[in-house]
Each structure stands twice: as C-alpha cells, then as structure tokens.
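Take a look at the structure below.
The values are calculated or read from the model by the stated rules, or taken from the named source; none is laboratory data. Because the structure is a prediction, the values reported are computed rather than measured. All Cβ positions, glycine included, derive from the backbone under ideal geometry; neighbour counts span all protein chains shown. The protein model used for the area step is the full one, side chains on, heavy atoms only, and it has no ligands, DNA or RNA in it. Shrake-Rupley method; radii C 1.70, N 1.55, O 1.52, S 1.80 Å.
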Amino acid sequence: MLRGTSCAVAGLALVIAGTCWSGRVLAAGQSQSQAQDQSQSPRQAQARSGSAAGGVEVDQSPVVKMPDGTEFLPEYARAASMFRAASEAPENILIDAPANGTIYAPDLIPPQFKWRDNNAAATVWRIEIGFAKGKPVRVTSKGEKLQIGAPDTELSGYVAPALSPEEQQMHGWRPDAKTWEEIKKRSAGAKATVTISGFAGDRSGQAVSSAQAGFETSRDPVGAPIFYRNVPLIPPQEGTTQRGVIKPLPDSVLPKIRWELRYINELRSRLMMTNLPTCGNCHSFSRDGKTMGIDVDGPANDKGLYAMTPVKKVTMISNDYLVRWSAFSEEGGQKRFGFMSQVSPDGKYVVNSIDVPRAKGMRVVDRLYNGFYPYYGFGQVFYPTRGVLAWYSRETGKLQPLPGADDANFVQTSAFWSPDGKWLIYSRTVAADPYPRGYKRSLYANDPSETQVQYDLYRIPFNNGAGGKPERVVGASENGMSNNFPKVSPDGKWIVFVRCKNGLLMRPDSRLYIVPFEGGEARPLESNLPVMNSWHSWSPNGKWLVFSSKSPSLYTRMYLTHIDEGGHASPPVEVENATASNRAVNIPEFLNVGADAMDHIETPAIDFYREFDVAQQLQEQAKYAEAVPAWKVAAQKDPTDARPFNNLGVALAAMGQYSEAIDAYKNSLSINAESSQTHNNFGSALAEAGRMDEALENIRKAIELNPDNGAAHVNLGHLLEVRGGAREEAKEEMQKGIELAPKLADGHNVYGVILAREGRLDEAIVQLQTAVELAPNSAECHFNLGRALAASNRFAEAVPQFEAAASLTGGREPAILQMLAGIYSDTGQYAKAVDVAQHALELAERRNEGELANQLRANLARYRAQAQGGQQ
C-alpha cells in the first residue's frame with residue numbers, strides 16, 4: 001500500500017517548514033514573514049530561488065488556466081500598443097519620440113529621439129530641428145537600435161524584461177548636453193519641428209524616407225525632485241498569501257526595495273533608503289516639503305506604524321517620530337491599522353482610513369478585499385469595502401473619526417487634502433462584505449470574480465477635525481466606474497483622479513481623468529497610455545504631473561506631462577533611468593525641496609526587524625538548529641509580535657521537537673489568535689504528537705479564518721484520511737487545496753496516495769508525477785510515484801523513481817532500499833538487487849528493525865538464487 005508521505009519513510013509525522021510526513025498532515029510549518037502573517041515553506045522558497053539564482057530569469061505566461069480547463073488571455077495582455085502601427089507609414093518613417101505636440105521640461109536631461117523606418121533601404125539618418133528663427137540644428141546619425149536596460153542581477157525569480165515589438169524596431173539618437181541646451185533655448189515657448197530623413201548611404205543625396213514631429217520646451221520648470229519606490233516585481237508564491245493581508249512581494253525581496261529621489265536634470269536617481277527588513281509605503285509630504293509621512297508595516301503586516309518625521313539632510317525614522325495606530329485600538333476590538341495615510345499640507349495632521357469604531361470583532365479580512373495573482377505584472381489587488389476616515393493630530397497625539405465621513409453604512413477611504421488643508425477628497429461607496437457568500441476566488445486582475453466595488457469621489461470640509469457634510473463630486477461619481485486616488489492641483493482648480501472598472505489604483509484599465517474641483521465634466525487626460533495609469537502627483541508649481549504606467553512594459557515606468565491652464569495634458573515623456581529594467585516605479589511623489597535638501601534616510605525605529613531577518617534567512621536555508629536561538633532573540637526584542645513564536649515553532653517542529661513547537665505555537669496564538677497559518681501549524685504539530693482531535697480542531701479553525709489557505713485544506717484532507725471513515729470529505733478537501741495551491745507538491749502527493757489506495761492508479765500516477773515535477777528533491781514523492789508505477793506493472797518506469805528516492809535519502813533508509821532491490825529483481829537486474837538488499841539488511845539490523853530485517857533476509861536469499869541461476 002502506498003504511503004501518504006512526504007519526508008519520513010515510515011511512521012506518522014507532519015510536515016513542518018517544508019518537511020513532509022508519512023501518512024500525515026501535509027503542508028504545515030507556514031513561516032510568518034517579517035512583513036506579514038503568511039506561510040512559506042523553505043523548500044518552496046529554495047525551489048523558486050534555485051531556479052533563478054544569481055539573477056537568472058524565470059519564464060511566465062499571461063495566459064490564465066480557467067477552472068473548466070480553457071485558457072484565457074486577460075484584457076491587459078491584449079491591450080493595444082502605445083506606439084502607432086507600422087501600417088500607418090508603409091515604406092516611411094514613424095517618429096515615436098517626441099510624439100507630435102510633446103512639451104519638454106526646461107530642466108530635463110537630454111531625451112532620446114526615437115523612430116522606426118519601414119524602408120529597408122535606409123541605413124543612415126539626417127536629423128534636422130527647425131525653429132521659428134535662425135538656422136536649424138542638423139546632425140547625422142547611424143540610428144543605433146534601442147537596447148534593453150541592464151537588469152538588477154541581485155534579484156532572483158524575475159521575468160526577463162524585454163523591449164516591445166515596436167521598440168525592437170526603433171532607432172535612437174540623443175543630443176549631447178551642449179546641443180540639447182541650444183534646442184531647449186530656441187524652442188522655449190515656441191514650436192520646433194524635428195525632421196528625420198532616411199538615406200541609403202552616407203553620400204546619398206535623395207532621402208528614401210522622411211517624417212516630422214512638432215515639440216516645444218516649456219518655460220515652466222518642474223522645479224522639484226520626485227520621491228518614489230523602486231521595486232522588484234516578483235509575485236508571492238502560492239501558499240504564502242492570506243485574505244486581509246496586503247502582500248505584493250515575497251519576504252526575501254523586501255530588503256531590496258529602494259526609495260529614491262530623482263531630480264530630472266540628473267542622469268540617475270539618488271538612493272535615499274534601502275535594505276529595510278519590512279515594508280514602507282504610501283509616503284506623502286507636507287506642501288512645504290518639511291514633513292514626510294510614511295506607512296511602515298508593523299507586526300503581522302498590520303500597517304500598524306506610521307512615521308511622521310521632519311525632512312532634513314539626514315532624515316530619521318526614529319521612535320520619536322513614530323505613531324502606532326495599534327495604540328488606538330478599542331478594547332475587545334481588532335488591532336487598528338491605517339490605510340492610505342496622507343500628511344496634511346501644513347504637516348500637523350494625518351488622515352487615513354480605519355475600521356468602523358465600536359464594530360467589535362471586525363477583522364481586517366472583514367473590511368479589505370485582496371486577490372493574489374501569479375502573473376508578475378499584476379500580482380495583487382487590494383481595496384477596502386468597509387471603513388471610515390480618521391484624523392491624527394501631531395499636537396494632541398489623538399486619532400479620531402472625522403464627522404461626516406464616519407458612516408458605518410459606507411466605506412470611506414483613500415482621502416487626499418486640498419492644498420489649503422480645508423477639504424478632503426475621498427472615495428466612498430456602500431459598505432459590503434469583501435468576500436460575500438458564494439465568493440469564487442479571482443484568477444487574474446480584473447477577473448469578474450473580484451468583489452465588485454465602484455467608488456464615487458466625495459469632498460468634505462476638514463474644519464479643524466470637526467468635519468461636515470460630504471458632497472458628491474459631480475463628474476467623478478455615479479458613472480458606473482470606480483473613481484479614486486484624487487489629487488488636487490496646487491492652485492485648487494483641478495482634481496486629477498483614477499477611473500477604472502473596479503477597485504482602486506493600479507488596475508490594468510486605470511486611466512487618469514481631470515475634473516474641476518467644484519465638479520463638472522470629467523475628461524480623460526491626453527497623456528494616458530494603454531495599460532495602467534496611476535500613482536500621479538502634481539509638481540509644486542502645478543504645471544507638471546508625474547504618473548506611472550505599465551506601457552510599453554509591465555515593469556512600470558515613470559512619465560511627466562505638462563498640464564496647461566485649460567487642464568489639458570501633453571504627450572507623456574518618460575523619466576529615463578528611473579529603475580533597472582527588471583524593476584518598477586511605484587508611488588512617485590513630488591517633494592518640494594531644493595537641490596541638496598535630503599541626502600538619505602536612516603531607520604533606527606525599524607532596525608529591530610533585522611533580528612527577524614537574520615532568523616528568517618537561517619530558516620529559509622533549513623538551518624533550523626541555528627534558527628531556533630535566532631527566533632528566540634527576535635521574540636525577546638518584541639514580545640508583542642506573534643510571528644517569531646510561530647516561526648520558532650516551525651523550526652522546532654522541523655527538528656522533531658514537537659512538544660516545544662506546540663508551546664511556541666500557543667505563545668503565538670495568545671498574541672494573535674486570528675492567524676490561519678499558526679492554527680494550521682499548531683494542528684500539524686498536534687497531529688505529530690498524536691493529539692488528533694485537537695489537530696483537527698485547529699486545522700478547521702485555520703480554514704475558517706482563511707478559506708483560501710490551500711495548505712490547510714490539504715492538511716485537513718490528509719488528516720481525515722488518516723483518521724479514516726471520511727474519505728469522500730478527505731478527497732473534497734484535497735481537491736480544494738490543490739485548486740487553491742496547485743504548486744504545492746504535498747497536495748498532489750497525498751491525493752495521489754489516496755487515489756492509489758482506491759485502485760485508481762492512472763489518476764494517482766498523474767498526481768504523483770505532478771508532485772515529483774514540483775518537488776524534484778523530495779524522496780517521498782519519488783518513492784510514492786515508484787510504488788504507483790510498480791503497482792501498474794510499469795516496472796521500468798518505476799526504477800528511476802526508487803533510485804532517486806534512495807539517492808535523496810543518502811542510501812540510509814532500509815525501507816526505500818528494500819523497494820529498490822525489489823524493482824531491480826522485477827526488471828531482471830539481480831546482481832544490483834543483491835547488493836542493495838544486502839545494504840538494506842545491514843541498516844535494518846543496526847537499527848534493530850527485526851521485522852524488516854527478516855523480510856530482507858528472505859528477499860536476499862531469493863535474489864541470490866536468481867543471480868546464481870543465471871537468470872540475469
């Protein structure tokens with residue numbers, strides 16, 4: 001009979017931290033990251049990083065496999081190009097940059113002029129820039145082909161960046177600094193015309209292709225640097241996500257996030273902050289640039305910390321400037337956290353979205369929808385479905401709801417200040433359950449299965465915290481779309497906001513719209529690109545808008561557009577060299593400071609997380625004996641954080657110290673009883689200790705807390721199988737687990753064992769082959785596949801599986817060697833059968849495994865007789 005195994009060869013044992021069990025509950029040991037309460041098996045982490053170590057890319061397809069077996073290509077993967085089609089200029093030139101009507105900032109570095117020539121005869125190009133007065137600027141160019149920028153080779157597991165098909169056909173020329181200064185000076189406030197002509201050779205006098213585009217240089221400088229996050233795009237692995245937890249990146253990637261400052265007259269950005277062991281996000285600044293606010297992930301990724309710190313040459317995120325939203329939690333309620341916090345223009349206040357006051361028992365998962373997707377371009381979506389606006393006063397140190405925006409019947413979220421601090425513009429809609437009854441997990445960004453939320457924009461007077469009557473913003477509401485992320489121009493005249501089908505912010509179909517502050521007709525900005533336009537910010541002088549877009553690449557880029565008095569936008573100009581080619585721009589915000597106002601940011605208030613990081617790295621390397629004391633140190637640093645205790649339990653269980661692991665899980669749950677992962681881990685450890693009823697109770701609790709915890713469904717199915725009498729329910733749970741976590745090898749392995757026990761060997765083999773593909777270094781998966789193949793009389797195919805199992809266990813497991821000897825005999829390799837059986841017998845005798853030794857003696861006699869009989 002096949003074993004429901006994954007690590008040990010015999011006996012009842014649970015999978016902790018990536019180990020697996022024989023006849024036992026799988027997929028336990030879900031380590032919680034320093035960024036959030038999550039699950040991650042070290043084996044899974046190693047499998048992925050091992051496939052992309054040293055900066056090697058991974059392949060990934062945007063095609064989504066639907067539950068009915070069909071394949072679907074999401075809309076964003078079918079979006080039109082931002083570039084004109086070659087058919088628009090057959091046998092001629094298309095100028096891609098500058099686009100006709102481009103307005104350059106006077107403080108911009110020399111941009112690249114780009115074109116495609118559809119006439120194959122053209123080998124050299126003459127570029128002429130004409131002005132209203134004087135002689136044109138003339139240059140000759142070989143038209144170097146565009147090259148993809150260098151990737152960050154310190155990253156692992158990223159999808160290889162690539163030029164779009166149109167970019168691959170482009171030629172480029174960049175003026176030197178002196179030439180660019182001349183061009184800017186002579187096109188300031190006046191139209192210039194660039195003519196690019198293709199010639200068959202250097203001495204050709206007749207152009208074979210030609211095109212023109214008009215541009216000008218604005219008299220309005222940008223005048224301020226852009227502060228932004230430079231982030232990798234590596235989605236979390238399956239099994240590491242949880243409802244109610246915002247987790248756009250794997251744990252190991254968090255220290256690689258970079259916060260940078262870009263002056264557009266400089267070739268490169270300046271590094272402000274990096275190597276944080278936790279996540280910082282949603283930064284904002286006071287209007288005078290003297291105060292920075294930034295959300296900092298607190299324990300269990302609860303968004304529980306907020307830094308409100310003076311901007312200085314060396315800016316400090318220290319305890320003196322730290323606000324703990326959790327300190328304002330109500331007795332008997334859930335720990336409070338902030339969402340989309342924004343510092344006021346005068347730096348005195350912060351507005352954010354919090355849970356509904358006096359709604360005891362409401363968890364984050366009851367007010368926040370999030371979906372996780374495997375495709376790197378859109379790895380996560382999140383938006384609140386319940387909540388009210390609250391404001392924090394730096395002077396009083398109090399956080400309190402804003403009257404008029406505190407109605408529990410609505411979700412009120414993502415508020416932004418008017419430049420005078422008198423108004424707040426925010427998103428509002430009817431409150432709802434983020435996961436209503438009958439909810440089906442969404443599979444891709446903008447999947448209709450996502451919980452549908454369409455926000456309207458409202459404005460409300462701040463009135464020194466007294467609030468007032470909310471007013472709907474006409475033109476940004478009741479339009480059947482979701483209206484969000486409103487930014488008011490510095491003169492108070494305009495609101496630029498995001499409009500999308502569902503949710504908020506970084507949706508594939510996000511487009512920027514502009515509407516008068518008082519309401520009226522909303523128009524899409526002319527600078528919109530085909531895929532995702534969001535994260536926008538006004539320059540302090542109100543003349544420029546910076547925004548990010550996933551065109552032409554899903555590695556998000558940053559663009560500038562000029563906004564004129566009528567609210568019209570010029571064609572976008574990329575801020576070049578903002579990131580490595582396998583990284584993305586995130587949250588670009590103008591900072592109203594001079595040339596050298598900020599040198600870097602230090603983070604003493606966050607440094608205690610580094611102890612966590614050290615322990616986690618040891619755990620991911622399966623160095624459990626070293627990880628145990630490291631987790632104890634991390635737990636001592638912050639005894640209010642549940643995660644070190646959970647992860648201590650994972651390490652202890654991986655070492656077989658289940659009693660100590662149980663105590664660690666109890667400590668973790670005494671701090672955070674709402675952790676699905678810890679309940680799953682606790683249940684696994686209890687099962688290892690033979691306490692099956694308690695194990696079942698905790699694993700069911702894990703599923704109750706997070707129905708999307710595929711590992712817990714696998715564990716429940718396996719535990720039901722072990723207990724007996726509930727096989728159909730066990731299979732249903734296994735199927736749910738596999739659907740939720742299809743890359744979890746343990747699920748396929750155990751389900752294959754169950755199918756084999758029912759005699760459904762062909763189906764079992766399919767599952768077990770999948771398990772081996774997902775976990776090629778798992779002796780258990782190879783062993784079980786070998787058993788299934790042998791049971792199907794597919795002896796030749798079974799041989800390499802048993803050989804792999806024996807090799808992976810170092811030839812030290814007599815039960816595996818017994819099976820390998822038997823399959824050698826079945827395939828006529830009698831000498832090998834004798835050698836392997838002899839070694840297995842010696843091991844069994846040394847271990848005092850009498851019954852197994854007796855079996856091996858009988859087998860060995862038979863193999864010797866076969867060998868001596870000349871049957872080989």
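Averaging the inverse of every distinct alpha carbon separation and then flipping it gives the Kirkwood radius. What is it for the stretch 347-489, in angstrom units? Walk me through the numbers before you get to the answer.
On the way: mean 1/r = 0.0623 Å⁻¹.
Result for the stretch 347-489 stands at 16.0 Å.
Could you work out how far helix 779-791 tilts from the main Cα principal axis of the chain, as a 0 to 90 degree angle to the nearest 10?
On a 0 to 90 degree scale, this one is about 60.
Would you mind putting 464-473, 761-770, 644-653 in packing order, based on average other-beta-carbon counts within 10 Å, highest first? Don't skip to the answer; put the middle values down first.
On the way: 464-473: 15.8, 761-770: 20.1, 644-653: 29.9.
Highest-to-lowest ranking by the protection proxy: 644-653, 761-770, 464-473.
When you take every Cα atom in the stretch 157-298, what is the radius of gyration, and what is Dmax, the widest Cα pair distance, in Å?
Over the stretch 157-298's Cα set, Rg and Dmax evaluate to 22.6, 68 Å.
Apply the Karplus parameterisation 6.51 cos²θ - 1.76 cosθ + 1.60, with θ equal to phi minus 60°, to every residue of the stretch 731-740 and state each ³J(HN,Hα) to the nearest whole Hz, in sequence, with x for glycine and proline.
Along the stretch 731-740, the couplings run 5, 4, 5, 4, 5, 4, x, 5, 5, 6 Hz.
Helix 710-723 against the longest principal axis of the chain: what's the angle in degrees, Cα atoms only, rounded to the nearest 10?
10 degrees
Alpha carbons only, please: Rg and Dmax for the stretch 358-430, in angstrom.
Radius of gyration, then largest Cα-Cα span, for the stretch 358-430: 15.0, 45 Å.
Could you give each residue of the stretch 508-521 its phi-based ³J(HN,Hα) in whole Hz, using Karplus coefficients 6.51, -1.76, 1.60 with θ = phi - 60°, and x for Gly or Pro?
Per-residue couplings from phi come out as x, 9, 4, 10, 8, 10, 10, 9, x, 4, 7, x, x, 6 Hz.
Would you mind computing, in nm to one decimal, how far apart the modelled labels at Ala861 and Ala595 are, each placed 7 Å from Cα along Cα→Cβ?
It is 9.5 nm.
Mean 1/r over all different Cα pairs, inverted: what Kirkwood radius does the stretch 596-675 give, in Å?
Working: mean 1/r = 0.0754 Å⁻¹.
This gives a value of 13.3 Å.
State the percentage of accessible surface on the stretch 715-829 attributable to carbon and sulfur atoms; use a 1.4 Å probe and exclude ligands, DNA and RNA. Don't skip to the answer; put the middle values down first.
Working: 1950 of 4290 Å².
C and S fraction of accessible area: 45 percent.
What ratio of Cα Rg to 2.2 N^0.38 Å holds for the stretch 604-753? Intermediate values should be presented prior to the final figure.
Details: Rg = 16.0 Å, N = 150, 2.2 N^0.38 = 14.8 Å.
Dividing the Cα radius of gyration by 2.2 N^0.38 Å gives 1.08.
So for the chain, taking the charge dipole from beta-carbon charges (+1 Lys/Arg, -1 Asp/Glu), which of Leu424, Val159, Tyr263 sits furthest toward the positive end?
Tyr263
Please state, to two decimals, what the Cα-based radius of gyration of the stretch 89-178 comes to when divided by 2.2 N^0.38 Å (N = residues).
1.31
From the Cα trace of the stretch 70-115, what convex hull volume per residue do you get, rounded to a whole Å³? Let's see the in-between values first.
Numbers: hull volume 6.3 nm³, N = 46.
Looking at the stretch 70-115, the number lands at 137 Å³ per residue.
Please state, rounded to one decimal and in Å, the Kirkwood hydrodynamic radius that the stretch 153-212 gives when every pair of distinct Cα atoms enters the mean of 1/r. Don't skip to the answer; put the middle values down first.
Working: mean 1/r = 0.0635 Å⁻¹.
The answer is 15.7 Å.
Which of the aspartates and glutamates could a cross-linker bridge to Lys666, judged by Cα under 20 Å and excluding same-chain residues fewer than eight apart?
Within reach: Asp37, Asp638, Asp641, Glu674, Glu688, Asp693, Glu694, Glu697, Glu704.
Report the accessible area of Asp433, computed with a 1.4 Å probe over the heavy atoms of all protein chains in place, in Å² rounded to the nearest 10.
Looks like 80 Å² after rounding.
Can you give me the accessible area per residue for the chain, using a 1.4 Å probe, in Å²? Numbers along the way, then the final one.
Numbers: 33420 Å² over 872 residues.
I get 38 Å² per residue for this part.
What base-10 log of the normalised intensity I(q)/I(0) is obtained for the stretch 786-872 from the Debye formula, alpha carbons as equal point scatterers, at q = 0.11, 0.18, 0.21 Å⁻¹?
So the normalised log intensities are -0.27, -0.71, -0.95.
Estimate the FRET efficiency between Arg757 and Arg523 by the formula 1/(1 + (r/R0)^6), using the beta-carbon distance for r and 45 Å for R0, to the nearest 0.05. Don't skip to the answer; put the middle values down first.
Values: r = 65 Å, r/R0 = 1.44.
Efficiency for this residue pair is about 0.10.
Counting only protein heavy atoms and a 1.4 Å probe, tell me what percentage of the stretch 580-629's accessible area is made up of carbon and sulfur.
On the way: 920 of 1860 Å².
With neighbouring chains kept in place, the figure for the stretch 580-629 is 50 percent.
Setting aside same-chain residues fewer than 8 positions from Lys142, which aspartates and glutamates have a Cα under 16 Å from its Cα?
Asp117, Glu128, Asp176, Asp202
Between Asn464 and Lys632, how high is the FRET efficiency from 1/(1 + (r/R0)^6) when r is the Cβ-Cβ distance and R₀ = 51 Å? Nearest 0.05. The partial results should precede the final answer.
Values: r = 48 Å, r/R0 = 0.94.
E between Asn464 and Lys632, to the nearest 0.05, is 0.60.
Put +1 on the Cβ of every Lys and Arg and -1 on every Asp and Glu Cβ in the stretch 108-180; which of Gln169, Phe131, Trp180 then has its Cα farthest towards the positive end of the dipole?
Toward the positive end, the furthest listed residue is Phe131.
Compute the FRET efficiency between Ser87 and Gln168 as 1/(1 + (r/R0)^6), taking r as their Cβ-Cβ distance and R0 = 22 Å, and round to the nearest 0.05. Don't skip to the answer; put the middle values down first.
Numbers: r = 17 Å, r/R0 = 0.77.
Computed FRET efficiency for Ser87 and Gln168: 0.85.
Report D for the chain in µm² per second (integer): Stokes-Einstein, Kirkwood Rh on Cα pairs, 10 °C, 1.306 mPa s. Don't skip to the answer; put the middle values down first.
Numbers: Rh = 29.8 Å.
Using the Kirkwood radius from Cα pairs, D works out to 53 µm²/s.
Which whole-Hz ³J(HN,Hα) couplings does the stretch 756-766 yield from phi under the Karplus relation 6.51 cos²θ - 1.76 cosθ + 1.60, θ = phi - 60°, glycine and proline marked x?
5, 5, 8, x, 8, 5, 4, 5, 4, 4, 4
Please identify the trypsin sites (Lys or Arg not before Pro) of the stretch 686-786 that satisfy two criteria: DSSP loop assignment and at most 16 other Cβ atoms within 10 Å. Which are they? Mind dumping the intermediate values first?
On the way: sites: Arg691, Arg700, Lys701, Arg723, Arg727, Lys731, Lys736, Lys743, Arg757, Arg760; in loops: Arg691, Lys743, Arg760.
Here the trypsin sites (Lys or Arg not before Pro) that fit, given the DSSP loop and packing criteria, are Arg691, Arg760.
I need to check one value: relative contact order of the stretch 788-837, counting alpha carbon pairs closer than 8 Å and at least 6 residues apart, in percent. Don't skip to the answer; put the middle values down first.
On the way: 42 pairs, mean separation 15.5, N = 50.
Over the stretch 788-837, the number comes to 31 percent.
In percent, how large is the relative contact order of the chain, given Cα pairs closer than 8 Å and 6 or more residues apart?
Details: 2152 pairs, mean separation 111.4, N = 872.
With pairs under 8 Å counted, the relative contact order is 13 percent.
Counting only protein heavy atoms and a 1.4 Å probe, tell me what percentage of the stretch 651-700's accessible area is made up of carbon and sulfur. Each step should come with its number before you reach the end.
Values: 780 of 1800 Å².
Using a 1.4 Å probe with all protein chains present, the stretch 651-700 comes out at 44 percent carbon and sulfur.
Run the 1.4 Å probe and let me know the accessible area of Thr153, rounded to the nearest 10 Å².
Accessible surface of Thr153 is approximately 90 Å².
How do 816-822, 520-526 rank on mean C-beta neighbours within 10 Å, highest first? Don't skip to the answer; put the middle values down first.
On the way: 816-822: 25.1, 520-526: 15.3.
Highest mean packing first, the order is 816-822, 520-526.
Positive end of the dipole of the chain, charges at C-beta (+1 Lys, Arg; -1 Asp, Glu), about the Cα centre: which of Val474, Phe783, Asn484 has its Cα farthest in that direction?
Val474
Rounded to the nearest 20 debye, what is the charge dipole size of the chain about its Cα centre when +1 sits on each Lys and Arg Cβ and -1 on each Asp and Glu Cβ?
Numbers: 91 positive and 97 negative charges, 247 e Å.
That gives the chain a dipole magnitude of about 1180 debye.
What value, in deg cm²/dmol to 500, does the helix sum -39500 (n - 2.57) over DSSP H runs of n ≥ 4 give at 222 nm once divided by the residues of the chain? Don't skip to the end; give the middle numbers.
Details: 18 runs with 234 residues, N = 872.
Computed ellipticity for the chain at 222 nm equals -8500 deg cm²/dmol.
Would you grab the residues whose amide H sits under 5 Å from the one on Thr827? Only those 5+ places off in sequence or on another chain, please, with H modelled 1.01 Å from N.
none
Step through the table entries Lys135/Lys184; Lys191/Lys543; Lys256/Lys313; Lys290/Lys348; Lys440/Lys550; Lys290/Lys313, compare each Cα-Cα distance with 20 Å, and write down the pairs that go over it. Walk me through the intermediate numbers first.
Numbers: Lys135/Lys184 14 Å; Lys191/Lys543 18 Å; Lys256/Lys313 23 Å; Lys290/Lys348 11 Å; Lys440/Lys550 27 Å; Lys290/Lys313 11 Å.
Long pairs (Cα-Cα over 20 Å): Lys256/Lys313; Lys440/Lys550.
Please report, in debye to the nearest 20, how large the charge dipole of the stretch 107-162 is about its Cα centre when each Lys and Arg carries +1 at its beta carbon and each Asp and Glu carries -1 there. Present the calculation step by step, with values, prior to reporting the outcome.
Numbers: 8 positive and 6 negative charges, 107 e Å.
My answer is approximately 520 debye.
Over the Cα atoms of the stretch 485-633, how large are the radius of gyration and the largest Cα-Cα distance (Dmax), in Å?
Every Cα atom of the stretch 485-633 included, Rg and Dmax give 20.7, 66 Å.
Hey, can you grab everything whose amide H is under 5 Å from the amide H of Val473? Only 5+ residues off in sequence or another chain; H modelled, so Pro and N-termini drop out.
Leu457, Tyr458, Arg459
Around Ser581, which amide H atoms from residues at least 5 apart in sequence, or from another chain, sit under 5 Å from its own amide H, with H modelled in the peptide plane?
For Ser581, whose amide H was placed from the backbone, the distant partners under 5 Å are Ala150, Asp152.
Which log10 I(q)/I(0) values does the stretch 669-741 give at q = 0.16 Å⁻¹ under the Debye formula, counting every alpha carbon as one identical point scatterer?
These q points yield log10 I(q)/I(0) values of -0.48.
For labels at Asp663 and Ala120 in the simple 7 Å Cα→Cβ model, what's the distance in nm?
7.8 nm
Please work out the C-alpha center-to-center distance from the stretch 616-688 to the stretch 106-143 and express it in whole Å.
63 Å
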